[in-house]
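Working notes for the structure below.
FYI, it's all coordinate maths here, none of it is from the lab. Just so we're clear, the structure is a prediction, and the values are computed from it rather than from any experiment. Cβ coordinates were reconstructed from backbone atoms using ideal geometry, including for glycine residues, and neighbour counts include every protein chain displayed.
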Amino acid sequence: MWMVMWRGILLFSPSLHFLLILHLHHPHIHFVSGKRIWSNEVLSCNEVIEAQRGPEGEWMGLRGNITSPDFPHPYPARIQCRVDLKAPPGYRIRLVFTHFHLFHPLNRSNDNCEAMDALTVLDWAGTGTGGTGGRIGRFCGPGIPSSVMSSGSRLTLNFRSITSGTHVTGYKAEYSFVRDFGLSSGRQLDSHPCFFQFNSTIFPSGEICSPNPGGLYPRNTVCHYEFRGHPRQRVRLVFKYFDVEGVAPCSAKSDSDYLQFSTIGTKEDILPRRCGRFAPKVVESEGPDFLLSFRSNDKYDGLGFAAKYQFVWRKDREKDKGVLRPRSLPASEASEGKENPIITLSAILVFWRLPSLLLMPL
Ligand SMILES: [Ca+2]
């Protein structure tokens, strides 16, 4: 005998092999109690979020929120909810978590998520609609995960609960479909999906970041930062942080993401590629036309980089030397023109001792 009683409907079977599957398409779904009735009961929900064309052809619905069932109240036990995000062509999906608290017996973040209530984020770029998405991350326990960005126009969230509790309120995330990669400095060009230009007359100084700043950078992504200055200028970068997944020599053979430094119009690196977590504090370009390129591959992620940039004037004596070689400076020279106190003190001592040195017998 079957009995119906969930939200009005709850399916009840005399058989222990009981499966209840609901396919729900409305984003605002209120679930009744997740109290388990039979050991293999599974509740399921699916949702598709995609932008729509407005009356004049513009894209609408480019941002919104996603939550676990019943948020901000405790989510039900034994439930699987999938959300498919589909951005317009040429857009990326950015996901910023604002709340995250899933049940974990030890109350630990991202520990043994395979066996816990968890949220899995899948990236579908390059695999087609029938392919398998690459897993960007699986998150569990308390603690807000880093924001993520898709490498294409699709992203999937799979939320699975095994347990529940009075204090596990689930998750909330803000999604947005973006073309600017979350970057707000420089002028974005249309010649490449991720190409930002910095002209010294318009943008003499500022900050540059890897795509999706403050979160994990997207996979399979190339971003260029092009600097164009006065002939007597060059570009100085002062890195604030650096976390680019990879190992030296930061090449494709070593499965590395990397940062590349070159002069515009040439294909030769003017500095060794950088990856890992230890970038030089300060980098200066060879001349006024400087290209910084970031590349990520299809596996593993990092938090990327952020750097302050500034167009600086060459000193006359440097100009006379002809072509400047790129160089990396220690942190003390990042200084916005301050003299090195150790060098200054040494110079004073030498001049103070000079007369007595000249009078010393040979
Ligand atoms: Ca990578």
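For the peptides 98-107, 147-156, what is the packing order when you average, over each peptide's residues, the other Cβ atoms within 10 Å and list the highest mean first?
With the highest mean Cβ count within 10 Å placed first, the list reads 147-156, 98-107.
Measure up Lys253/Lys299; Lys281/Lys308; Lys267/Lys315 against 21 Å on the Cα-Cα distance and list the ones that go over.
Lys267/Lys315
Whole-Hz Karplus ³J(HN,Hα) for the stretch 282-297, in order, using 6.51 cos²θ - 1.76 cosθ + 1.60 and θ = phi - 60°, x for Gly and Pro?
10, 10, 10, 7, 6, x, x, 9, 9, 10, 10, 10, 10, 9, 10, 9
Take each of the peptides 51-62, 67-78, average the number of other beta-carbon atoms within 10 Å over its residues, and list them starting from the highest.
For the peptides 51-62, 67-78, the packing ranking is 67-78, 51-62.
Using a basic spin-label model with each label point 7 Å from the Cα along Cα→Cβ, how many nm lie between Arg53 and Ser185?
So the two model labels end up 3.8 nm from each other.
Mind running the shape call on the stretch 228-276? Use the C-alpha gyration tensor, a ≥ b ≥ c as the square roots of the eigenvalues: rounded below 1.5 for a/c, prolate if a/b tops b/c, oblate otherwise.
Oblate shape, in that a/c is at least 1.5 and b/c is the bigger or equal ratio.
Suppose R0 equals 22 Å; then what is the FRET efficiency for Ile144 and Ala252 from their Cβ-Cβ distance, rounded to the nearest 0.05?
Taking R0 as 22 Å, the efficiency between Ile144 and Ala252 is 0.10.
At 0.36 nm per residue, minus the direct Cα-Cα distance, what do Asn112 and Thr266 gain on full extension? Give it in nm, one decimal, please.
Length gained, Asn112 through Thr266: 50.7 nm.
Label the stretch 87-231 by shape, choosing from rounded, prolate and oblate, from the square roots a ≥ b ≥ c of the eigenvalues of the Cα gyration tensor; if a/c is under 1.5 it is rounded, and otherwise prolate applies when a/b is larger than b/c, oblate when it is not.
Taking the square roots of the gyration eigenvalues as a ≥ b ≥ c, the stretch 87-231 is prolate.
If I model a spin label as a point 7 Å beyond the Cα along the Cα-Cβ vector, how far apart are those points for Asp298 and Asn199 in nm?
3.9
Determine, for each peptide in 250-262, 211-223, the mean count of other beta carbons within 10 angstrom over its residues, then list the peptides with the highest first.
Descending packing order for the listed peptides: 211-223, 250-262.
Just to check I understand the Karplus step: with θ = phi - 60° and J = 6.51 cos²θ - 1.76 cosθ + 1.60, what whole-Hz values come out for the stretch 136-147, glycine and proline as x?
With the stated coefficients, the stretch 136-147 comes to 7, x, 10, 10, 8, x, x, x, 7, x, 5, 5 Hz.
Can you compute the FRET efficiency between Phe71 and Lys315 using 1/(1 + (r/R0)^6), with r the Cβ-Cβ distance and R0 = 45 Å? Round to the nearest 0.05.
0.15
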